[in-house]
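Read the figures in this text as sums done on the coordinates, not as results from a lab. No experiment lies behind these values; they were computed from the predicted model shown. For neighbour counting, all protein chains shown are included, and Cβ atoms are generated from backbone atoms with ideal geometry for every residue, glycine included.
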């Protein structure tokens with residue numbers, strides 16, 4: 001029974017992660033398809049570049065909430081900790097490859113932050129604060145994100161996190177550059193009709 005409940009939670013986490021927040025915002029608020037604008041990425045950074053800081057923050061917050069809720073779903077169902085991690089991973093996977101947008105999503109930084117916020121609240125807040133300060137001062141996303149998330153990973157390791165937890169942290173963080181590389185290789189989608197929502 002626990003396995004069935006866990007698998008259901010993982011499925012729901014993936015579907016929650018698949019909600020295309022940047023696309024919904026661009027369509028509802030601006031009547032445009034974010035995938036046909038800028039670099040075509042369906043995330044907070046592209047939303048900020050196209051529609052301003054308010055749009056970027058709104059999309060980022062929505063994606064953070066998605067990740068956090070996916071983990072809390074497993075918590076509310078009373079599932080063991082392994083399912084908390086699995087739900088978080090599949091929420092990010094859903095954000096990166098959303099079933100509701102033909103598997104072409106964002107790069108997962110905000111969704112990952114939400115997952116970490118539920119699993120490692122203190123060091124996630126420290127890392128995210130560091131990221132925010134660095135990004136606002138340097139305007140270099142990759143540098144700020146690497147240092148912010150690297151701080152979280154290092155802190156968890158030094159605090160005695162298990163090998164399994166460290167593998168999870170590193171694995172989910174590696175999804176971000178992997179998805180970025182995949183997006184560059186595939187190239188941005190210019191014609192919105194080719195990536196219409198199912």
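Conditions tested, residue by residue: (1) buried (at least 21 other Cβ atoms within 10 Å of the Cβ); (2) under 19 Å from residue 145 (Cα atoms).
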residue: 21; (1), (2): yes, no
residue: 26; (1), (2): yes, no
residue: 34; (1), (2): yes, no
residue: 37; (1), (2): no, no
residue: 69; (1), (2): no, no
residue: 74; (1), (2): yes, no
residue: 78; (1), (2): no, no
residue: 89; (1), (2): yes, yes
residue: 114; (1), (2): yes, yes
Which of the following residues is within 15 Å of the chain's Cα centre (by Cα) and either crowded, with 21+ Cβ neighbours inside 10 Å or part of a helix (DSSP H, G or I) (or both): 110, 154?
110
Restricting to region 29-38, give me the number of residues that are under 24 Å from residue 92 (Cβ atoms) and out of contact with any helix residue (DSSP H, G or I) (no Cβ under 6 Å at 6 or more places or on another chain).
0
Take residues that are under 12 Å from the mean Cα position of the chain (by Cα) and tell me which of the helices (runs of 4 or more DSSP H) falling wholly in region 1-77 contain 3 or more.
2-17, 53-76
Can you find even one residue in region 47-62 that is buried (at least 22 other Cβ atoms within 10 Å of the Cβ) and touching a residue at least 40 places away in the same chain (Cβ under 8 Å)?
yes
Residues in region 132-147 that are under 19 Å from residue 67 (Cβ atoms) and either loosely packed, with under 13 Cβ neighbours inside 10 Å or more than 15 Å from the chain's Cα centre (by Cα) (or both) total 3
Which of the residues that make up region 78-88 are in contact with a helix residue (DSSP H, G or I) (Cβ under 6 Å, 6 or more places away or on another chain) and assigned to a helix (DSSP H, G or I)?
83, 84, 85, 86, 87, 88
